Amino acid sequence: MKSRFTFLAGALILALVPVRPALADLTFTYTTIDVPGAVGTIAAGINDFGQIVGVYQLPDGSRHGFLFTPGIGFAPIDDPHATSGSEATGINDFGQIVGAYNLSPPEDGRLLDGAHGFLYTWGTFREIDFTGAIATTPHKVNDWGEIVGVYRLTDGTAQGFTDTWGTLATLNFPGAASTQDNGINNWGIIVGRYKASSGAAKQGFLYNNGTFTTIDFPSAASTVAAAIGNSGDIVGFYTSSGGTAFGFLDQGGSFSTIAFPNASGTWAFGINDTGGIVGAYTDQSGVIHGFLASFS
């Protein structure tokens, strides 16, 4: 059965990138992550203990967040206020999970958007809603409990935000038409994506101590930076000139492509500090699966 998660392609995302980025030649090892009984799975975040969070879809069309713990297995993460689906997008080393609920329909091109955000801490949900927004989606949380994400205005325009222990603030790339803040590490360094103008291609960025730097995969049509580790390693995804999506790993400006074998598209969404990368790929039948990758 073809999953509605195939609409992912229209969705989404320590060192500054040098002027001339280089291509690296790393070897990646891949493992598929599928929630049992699901028709589609996306792995969105991973911590240093190998715990993975994400979202899955059941045959009835319902979508749910999940937590995978090595040696234990999968557990659902559903906000108690949800009426149309939950997702988990990030997890820190203390087991705090961020995500969203009342998810947008996959067909609208915003698969990983929700109407309301949440922070899940040891069985308790804290709601996250940016004042005046029509939708709020946290993407990642660091070990200090600092959160980054995206909120949308009434016209649907994306705005980046930070949540510092309950205090929310906008963080946008200067002069951009839209911004999404996608990842944050324990040093407070943030990565995401922006559009310089309406309809422009997506470009990745890094924000460090008040300074924004653009991140673009070499010769890509568009780039999204999705997560950053404490070492400064960045993962995300790019679209080739031919329209195919690939994941990437950026190590100090040296880029490697992440491409699940025989997949028609690959997206990297999360990275930890032990060499684990998670994301999603679409197989030749159009079904989307989560994956865990390591590199050498």
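Numbers below:
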read-out	value
Selected residue (only one of GLY188, GLY156 is within 20 Å of THR89 (Cβ to Cβ), modelled with pLDDT of 95 or more and assigned to a loop (DSSP other than H, G, I, E, B))	GLY188
Considering residues of segment 101-139 that are under 15 Å from the mean Cα position of the chain (by Cα) and among the hydroxyl-bearing types (Ser, Thr, Tyr) only, the residue surrounded by the fewest Cβ atoms within 10 Å (Cβ to Cβ)	THR136
Total residues in segment 28-63, condition over 26 Å from ALA135 (Cα atoms), in a strand (DSSP E or B) and not hydroxyl-bearing (Ser, Thr, Tyr)	2
Hits in segment 64-104 - residues which are more than 21 Å from ALA226 (Cα to Cα), of a type outside the set (Ser, Thr, Tyr) and part of a loop (DSSP other than H, G, I, E, B)	PRO70, GLY71, ILE72, ASP78, ASP79, PRO80, HIS81, ALA82, GLY85
Matching option when the condition is surrounded by fewer than 24 Cβ atoms within 10 Å (Cβ to Cβ) and more than 20 Å from VAL141 (Cα to Cα), among ASN230, ASN262	ASN262
Residues (small (Gly, Ala, Ser) and assigned to a strand (DSSP E or B)) located in segment 208-224	SER222
Selection from segment 261-292 of residues that are closer than 24 Å to GLY99 by Cα and out of contact with any Leu (no Cβ under 9 Å at 6 or more places or on another chain)	THR266, GLY270, ASN272, ASP273, THR274, GLY275, TYR281, VAL287, HIS289, GLY290, PHE291, LEU292
Qualifying residue in segment 166-177 (condition: assigned to a strand (DSSP E or B), touching a Pro at 6+ places or on another chain (Cβ under 8 Å) and either at pLDDT 95 or above or not basic (Lys, Arg) (or both))	no
Number of positions in segment 238-254 that are of a type outside the set (A, V, I, L, M), surrounded by fewer than 24 Cβ atoms within 10 Å (Cβ to Cβ) and part of a strand (DSSP E or B)	4
Residues satisfying the stated conditions in segment 39-91, i.e. β-branched (Val, Ile, Thr) and in contact with an Asp or Glu (Cβ under 6 Å, 6 or more places away or on another chain)	THR41, VAL55
Selection count where residues are of a type in the set (Ser, Thr, Tyr) and outside any strand (DSSP E or B), scope segment 191-207	2
Any hit, segment 106-113, residues being closer than 27 Å to THR274 by Cβ and in contact with a Pro (Cβ under 9 Å, 6 or more places away or on another chain)	no
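The values are calculated or read from the model by the stated rules, or taken from the named source; none is laboratory data. Keep in mind that this is a model prediction, so the values were computed, not measured. We place every Cβ from the backbone using ideal geometry, glycine too, and count neighbours over all the protein chains shown.
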